[in-house]
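What follows is one structure encoded as structure tokens, with my remarks underneath.
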Amino acid sequence: MSAAEDAVKIEAAFASDKFLRSEFRGETTLSFDASRLRDLCFFSRDQLGYDMLLDISAVDNFGTDPRFEVVYELYSIDKKTHLRFKITTPEDVAEVVTVCDIWPTADWHEREIWDLMGIRFKNHPDLRRILMWEGYPYHPLRKDFPLEGLPSDVPDVAFTEVAPLAGGPFVTIPTEGNTEVREPRARHAGEIPTSATFIAEP
């Protein structure tokens, strides 16, 4: 049984719902309305054998509506099949329901997404920050979060001021040029090989 066949079973079981199914490099993805997430997760676990949640991630499609996409990576240990779910949530809502009670591994994944992307997980048992400190007002993986950071009024905590970029290796140059011109290493083109092949010194 393949993930694609399981996706067909899901579509048949939830015939009144709208699905967008895609196949890429042997991987199957089902996109659907976020309100149906828990129903489809329960069905996938209990009826199709997807007993493991490998990961949850989030995508910031900044400038589009809905802005955020939440991605679930499901796996069946017995069948050795991988199925992906995708749902969306608009910026003014930025909330989806938890699946912690379906797969306990969702706990830390949902906390990380809340911390770094600002998407809340309704009914999560302990939705606290997991990397940033409590009281930090921003979500640093959003695309509109500046590379140098933002100042925050959190006394006695490090990294509360904007960090000087100082032309570091990952700092692009403000320019109207193309990607090659903006690439930070272009500033030191005379110091490193321009070819894609780099020769290590002995």
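The values are calculated or read from the model by the stated rules, or taken from the named source; none is laboratory data. Here the structure is a predicted model, which is why all the values come from computation and not from measurement. Quick reminder, even Gly has a Cβ in these numbers, built from the backbone with ideal geometry, and neighbours come from all protein chains shown.
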Can you tell me which of 86, 9 is closer than 20 Å to residue 141 by Cα, in contact with a Leu (Cβ under 8 Å, 6 or more places away or on another chain) and surrounded by fewer than 18 Cβ atoms within 10 Å (Cβ to Cβ)?
86
Return the residues of region 62-85 that are among the hydroxyl-bearing types (Ser, Thr, Tyr) and over 21 Å from residue 117 (Cα atoms); say none if nothing qualifies.
75, 76, 81
Residues of region 52-78 that turn out to be closer than 21 Å to residue 27 by Cα and either among the charged types (D, E, K, R) or part of a loop (DSSP other than H, G, I, E, B) (or both), as a count
5
Could you name every one of the strands (runs of 3 or more DSSP E) located completely within region 79-126 that has at least 3 residues being among the hydroxyl-bearing types (Ser, Thr, Tyr)?
81-89
Mind counting the residues in region 111-145 that are in contact with a strand residue (DSSP E or B) (Cβ under 8 Å, 6 or more places away or on another chain), crowded, with 16+ Cβ neighbours inside 10 Å and farther than 15 Å from residue 57 by Cα?
1
Over region 1-31, the set of residues in contact with a helix residue (DSSP H, G or I) (Cβ under 7 Å, 6 or more places away or on another chain) and charged (D, E, K, R) is 17, 21, 23
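Quick grid of which residues meet (1) touching a residue at least 60 places away in the same chain (Cβ under 8 Å); (2) among the polar types (S, T, N, Q); (3) outside the structural domain of residue 57 (by TED's automatic domain parsing):
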position	(1), (2), (3)
83	yes, no, no
96	yes, no, no
101	no, no, no
106	no, no, no
110	no, no, no
114	no, no, no
118	no, no, no
126	no, no, no
151	no, no, yes
Is region 14-37 home to any residue that is in a helix (DSSP H, G or I) and within 18 Å of the chain's Cα centre (by Cα)?
yes
Check region 99-113 and report whether any residue there is more than 21 Å from the chain's Cα centre (by Cα) and either hydroxyl-bearing (Ser, Thr, Tyr) or on the phi > 0 side of the Ramachandran plot (or both).
no
What number of residues in region 38-58 are over 17 Å from residue 89 (Cα atoms), within 19 Å of the chain's Cα centre (by Cα) and among the hydroxyl-bearing types (Ser, Thr, Tyr)?
0
